[in-house]
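Down below is the structure, laid out as structure tokens.
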Amino acid sequence: MKTSKRLFTSFIICLLFSSIFAFETKVINTTDLEVWLTVFQGDSAQELHVAPKSEKTFSYELIDPDNIKYNLSWGSDNNCWWGFAEGPITEANTWEPGYAFKQYDFSFFPLTKQEKSAVSTMIRTTYIGFTEMKEKGFKLKMIDECQNVGELFALLDKYVFDYHFSITIDRGEKGCLEWKFKNLVTDEKSKKSIDPIVTYFEKATSNSYYIRFNSCSESTKDFNNPYWKEFPRAASKACKYDYIVLDPRSNNGGGQMQQVRFFESLINKNYKGKIYILQDKYSFSAAEMWMIAGKYVNKLDITTVGTFTGGMQRYGECKSIHKNNVWGWIPTIICGIPDDGKWKGEGVGYEPDVFAYTEEIKGVLTGFGVDMTGIEIQ
């Protein structure tokens, strides 16, 4: 053990082998202050969750592709970390040095008065959901009573039911910790689209007009998003076809007025065809199009196809607020959710009319008579 310590004079070092290694980690005694170690080998990085700093030695079992077991052990001495590997090593020269950096779990870090004040002010002066929090029994003094970050985040878990709202505490070189609403529903079979970010294109077939967009973010001088201008204009072309397929899957949202203009244009052109809106668990906020589309069902024939959406709907029009080392993304308005039973709750999302996973959608639409020639749903 002493020999190992002398070999690693830098503040954090471990030995890793040079071949590609599949990690499986086992956590030991995760109590008190926890530590994360990010282990680097070449261009790859692997985070290892280890025991509290009160422990002197941590040991992990790692399994490589050949199912040969190794042990990676860590120790600490005066805030310096050392590490070494054990196991059936046949060629010592196949092992290369790796590096690890420790990052603390900030949930045990004390809150400062400035941090408490910043969070209280953001909630009291800006957050549209403050009234709802008070109806549930929340009082601002509860923030003052929080001793550490973990207690503050537990308080927000209890009283904030809003996917848009977030609080980030910046501790400088030590990193940041962010509170976000926890997704209530997971569906491992619902896969995120592999289309590149800011994909936008329109494609006509013999009887349908397909519009794919995976971002509703506003265009700026440094960021061009065709959706912002092209989507409203697309209605004049789409209205010539029997079917319109709108595809905002795996889209974090942005602006909704483009959708209002699109549907209003179809109504003005007396469109009598069928509209299909695709959705998945990664469709959030403005990409959960039923909020807008659901208000036009008396004038347009609209059907949603896919899985439940992400469920980020109750509040909106967020403001970015910065006070001291605290950042807030704070909703300022209540959103108008259609009262038709499709909305199942924040973090749950809108239920589709026709349930289908990504790989099934094309077949479903084809079965409805939509010509999907040359269109890939991925």
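We did not get these values from a lab; they are worked out from the coordinates using the rules stated. The structure displayed is predicted, hence computed values, not measured ones. Here the Cβ is made from the backbone with ideal geometry for all residues, glycine too, and neighbour counts use every protein chain on show.
Working out 0.36 nm times the residue gap between LYS158 and GLU202, then minus their Cα-Cα distance, what length gain in nm do you get to one decimal?
Fully extending the segment from LYS158 to GLU202 adds 11.5 nm.
Only sites in a loop by DSSP and with at most 13 other Cβ atoms within 10 Å count here; which trypsin sites (Lys or Arg not before Pro) in the stretch 164-204 make the cut?
Those satisfying the criteria are LYS182, LYS189, LYS192.
Run through the stretch 296-350 and list the trypsin sites (Lys or Arg not before Pro) located in a DSSP loop whose Cβ has at most 13 other Cβ atoms within 10 Å.
Answer in residue order: LYS299.
Do any of LYS203/LYS344; LYS281/LYS319; LYS189/LYS274; LYS281/LYS342 go past 22 Å between their Cα atoms, and which?
LYS203/LYS344; LYS281/LYS319; LYS189/LYS274, as the Cα separations exceed 22 Å there.
If you take the beta carbon distance between ASN270 and LYS189 as r and set R0 to 56 Å, what does 1/(1 + (r/R0)^6) give as a FRET efficiency, to the nearest 0.05?
0.90
At LYS344 and GLU218, where each label point lies 7 Å from the Cα along Cα→Cβ, what is the point-to-point distance in nanometres?
A separation of 3.3 nm, rounded to one decimal place.
Report the label-to-label distance for THR168 and LYS134 in nanometres (one decimal), using points 7 Å from each Cα along the Cα→Cβ vector.
3.0 nm
Would you calculate the separation in nanometres between label points at THR126 and PHE108, each defined as 7 Å from the Cα along the Cα-to-beta-carbon direction?
Label at THR126, label at PHE108, 3.2 nm between them.
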